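Trainee: Here's a structure for you.
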């Protein structure tokens, strides 16, 4: 009986050879057969993050408005003299038999119901009356004259020719050249039938007090007081500081 071992060995070698070829990596096989696969592309590098831009500076705001200066302290009466005062007339004093004696001016107030020129009141008392002078309407209340405004009443100088039936409390009687005048709050009255009429200040009238609003003015080295365009010379009468009218309106 013939032996087939060599043929079997040859078959085994061939099978082993092909198995080895299968197990060789693809790249080695390619090298052996002269074929090269292209290299795999490298992954792209991650882009570097861009730096964040610096925040823009906030534009400066509007310049702060400086605070307004504080108003002056309040006046004893609201709205003192809110209108320009009239210029006094030229000074031509009437000679009076009293020497000039200067003394400081101290404004006088005629009780709680009297108010100086320029004072503003929102309402008037029920005792106020309406007075018509040369087609102009005034409100009168206890020696004080007002004109009507949109939001209240303003004190004004007593209009010449205004008549009242009763003098205000606190008036004083002044006799000048035999004629009696009645003085209250810087206003002069004269008897007119059964009433009292507002008149110009009589030259030579002596009063002890002038109201708030009188101004001091130096003329020829002497100081005079001017109130409602009337010039007063400071004097001393019976040891009391007084004023004499040296020039009316």
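Trainee: Suppose we filter 127, 158 for residues that are at negative phi, in a loop (DSSP other than H, G, I, E, B), modelled with pLDDT of 90 or more and surrounded by 13 or more Cβ atoms within 10 Å (Cβ to Cβ); which single one remains?
Mentor: 158
Trainee: To continue, here is another question. Can you find, within segment 223-241, the residue that is farthest from residue 105 (Cα to Cα) among those that are free of Cβ contacts under 8 Å to residues at least 40 places away in the same chain and under 40 Å from the mean Cα position of the chain (by Cα)?
Mentor: Among residues in segment 223-241 that are free of Cβ contacts under 8 Å to residues at least 40 places away in the same chain and under 40 Å from the mean Cα position of the chain (by Cα), the one farthest from residue 105 (Cα to Cα) is 230.
Trainee: Tell me which of these residue 220 doesn't satisfy, since it passes every other one: (1) surrounded by 12 or more Cβ atoms within 10 Å (Cβ to Cβ); (2) more than 23 Å from residue 111 (Cα to Cα).
Mentor: Condition not satisfied by residue 220: (1).
Trainee: Sticking with this structure for a sec: Give segment 161-191 a look and list any residue that's within 20 Å of residue 135 (Cα to Cα) and either modelled with pLDDT under 95 or outside any strand (DSSP E or B) (or both), or say none.
Mentor: 161, 162, 165
Trainee: Can you name the condition, by its number, that residue 104 falls short on among (1) out of contact with any strand residue (DSSP E or B) (no Cβ under 7 Å at 6 or more places or on another chain); (2) at pLDDT 90 or above; (3) over 19 Å from residue 227 (Cα atoms); (4) surrounded by fewer than 17 Cβ atoms within 10 Å (Cβ to Cβ)?
Mentor: (3)
Trainee: I've got another one for you. Can you pull out the residues in segment 215-229 that are closer than 17 Å to residue 101 by Cβ and part of a loop (DSSP other than H, G, I, E, B)?
Mentor: Within segment 215-229, 220, 221 qualify.
The values are calculated or read from the model by the stated rules, or taken from the named source; none is laboratory data. Since the structure is predicted, the reported quantities are computational estimates derived from the model, not experimental observations. Heads up, the Cβs are rebuilt from the backbone with ideal geometry, glycines too, and the neighbour counts pull from every protein chain shown.
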